[in-house]
Each structure stands twice: as C-alpha cells, then as structure tokens.
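I am attaching a structure below and will ask some questions about it afterwards.
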Amino acid sequence: MRTIFKNILAMGIVMVPFVVSAQKVTLDYYFNREVRKVKGAEERFHYTWEDLSQGGFSKWGGWFKDAGATLGSLETAPTVENLKGTDVYIIVDPDSKKENPSPNYIEQKDIDAIEKWVKAGGVLMLMANDSANVELPHFNKLATVFGMEFNNDLHNHVTDDAHFADGTLTVSNNPIFKTATKLFLKDIATISIKGPAKAALKDGDAVIIATAKYGKGTVLAVGDPWLYNEYVNGRLPVGYENDKAAQDIARWLLQQVPKK
C-alpha cells in the first residue's frame, strides 16, 4: 500500500477527499409568519419544522431527514445570496392581513431572486390554500413565472368530520406517489397551467398538483398545505395514506436536485 502511495505521488496525482453533503431543504418563514402569544411572549407557529402540534410540519421534516436531507428555514426575504446552499425551497400559505397585520407580500425582487435560483437548478415547492386563507394575488405573480396559477375556487370542500370521503383522491401509476394510493386533500385551490407546467395529479378535469421544468430546476405546486401533522394520518380515518404521500413527495423533491 505504501509503494502504491509513493507511485501516485511520483506521478503528480493529487488525492482530493470526496465528500458527499446532505441536500438542504429550506422552509420559508418570511412570507408565512404567523405568531401567537404564549405566556405573554410571541411564538412562531403553523407550518414550521419545529411545531409539534397539529398545524406543524414536524413529521414531514422528519421524513425529509429520513431521506438524507438537512432542514433549514429562511426568516428573511429570499435573495440569490441567502438561497445559496439550499437545494429545495418550500413556500407555504403566504400571509394575508387576516393572518398577519403586517404581511410580507411576495414582491418582484423576490420573484427575480427565486426565478434565478430555480433556473440555476433549485427545486421549488409552492403550497397554496383556499383563497379565504391565503394571499393569492402576490403568490400567483410568482407561480405564473412557471406557467401556473392558483384559482380562486374551493375543490373537494369538506364540511365536517362526517364527510371525510368528500376529500378523497385515488392515485395510481403516478410518478410522484410511488407508495401512496388513497389521499385526503380538502378545500383546495385548483391550478391553471400553461407553458412549461404540466399536471401531476388531477381530479377529473381539475389540476390538483402541477410540476414544471425551468432551466436546470424544477417547480412543484399544490393548492393546499395538506402535509401538516394533522393530515399525515394524525387523525385521518384508517385507509388514508397521507403519511406515505408526504414521504413520496419528500423523496421526489430530493430526486429532482441536479447531481453535483
């Protein structure tokens, strides 16, 4: 072994250690920034990695980590600089004034930075909500860059727990959902598509999930933030597979990251 090493040095070959770094999944904490008072102090909640309650993404975050990724969050507006090092960037349910008296709207400078990042190979996931619970006008300015637009509608409306079946979607032979077959998504904003955008999941004629290839990057959009703890089988009737769907999406997003 020592002789082989001497021969390598004699030939002038430089041995560089090969390091594999985990893919980083960054969740937006700027456009969605809901706070509540806990013992007199403000606390972030709702659609965060750290939130263990029904409205958090702690379970989904755990499945990203199981798939080999690391988690991050972005508390400030996205820029080309602060998106460096992020492989997957997820924006969920941007605030309206109903949810935040001083919301951070998605502005043109944010769109320019995100577009440049995706074009260079970033993987972007957009998760909307029904129009009563999300700020769609500015969110759509970003989505339309990639040929998508969240509609002001309410698909799969579920009135109460006695009507879970109204939110049922059956999936088969889907390139994203490799293991999940029975999903629950309620009160969805459907998606209009054009240009690079393609339907990835439909319910009849309604597009529920859309994808787009953009430059070296990829975009996935869904009209509901449906992978929070409550609906990844936290309290769904037996037979639904949103937990499997969350893992399928995590793996699919990471697979879209260009090889480095």
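May I ask you to list the residues in segment 39-72 that are among the small types (Gly, Ala, Ser), in contact with an Asp or Glu (Cβ under 8 Å, 6 or more places away or on another chain) and open to solvent by 50 Å² or more (accessible area, probe 1.4 Å)?
Listed by number, the list is empty, since nothing qualifies.
If you don't mind, there's one more thing I want to ask. Check segment 131-139 and report whether any residue there is open to solvent by 40 Å² or more (accessible area, probe 1.4 Å) and either under 16 Å from the mean Cα position of the chain (by Cα) or under 22 Å from residue 216 (Cβ atoms) (or both).
No: zero hits.
Within segment 166-192, which residues are in a loop (DSSP other than H, G, I, E, B), of a type outside the set (S, T, N, Q) and under 11 Å from residue 241 (Cβ atoms)?
171, 177, 180
What are the residue pairs meeting all of these: first residue in segment 218-245, first residue in contact (Cβ under 8 Å) with a residue 12 or more places away in the chain and assigned to a helix (DSSP H, G or I), second residue open to solvent by less than 20 Å² (accessible area, probe 1.4 Å) and small (Gly, Ala, Ser), Cβ atoms under 8 Å, and 6 or more apart or on different chains?
Close Cβ pairs satisfying both conditions: 229/55; 229/56; 230/55; 242/180; 244/180; 245/180.
Residue under question is residue 120, and the condition is that it be open to solvent by less than 30 Å² (accessible area, probe 1.4 Å), of a type outside the set (S, T, N, Q) and over 15 Å from residue 27 (Cβ atoms); does it hold?
Spelling it out, it is not the case that residue 120 is open to solvent by less than 30 Å² (accessible area, probe 1.4 Å), of a type outside the set (S, T, N, Q) and over 15 Å from residue 27 (Cβ atoms).
Would segment 201-223 turn up any residue that is among the basic types (Lys, Arg) and in contact with a strand residue (DSSP E or B) (Cβ under 7 Å, 6 or more places away or on another chain)?
yes
I would also like to ask the following. Output the residue which, of all residues in segment 151-185 that are under 12 Å from residue 224 (Cβ atoms) and in contact (Cβ under 8 Å) with a residue 40 or more places away in the chain, is most open to solvent (accessible area, probe 1.4 Å).
Checking each candidate, the answer is 155.
Show me the strands (runs of 3 or more DSSP E) found entirely inside segment 17-100 where at least 2 residues are on the phi < 0 side of the Ramachandran plot and without any contact (Cβ under 8 Å) to a residue 24 or more places away in the chain.
35-38, 41-44
Also: Taking residue 248 as meeting all but one of (1) under 26 Å from residue 117 (Cα atoms); (2) surrounded by fewer than 17 Cβ atoms within 10 Å (Cβ to Cβ), write down the number of the exception.
Failed condition: (2).
The values are calculated or read from the model by the stated rules, or taken from the named source; none is laboratory data. Model, not experiment: these values are computed from the prediction. Cβ: placed from backbone, ideal geometry, glycine included. Neighbour counts: every protein chain shown. To get the accessible areas, we keep the full protein, side chains included, count just its heavy atoms, and leave off ligands, DNA and RNA. Shrake-Rupley method; radii C 1.70, N 1.55, O 1.52, S 1.80 Å.
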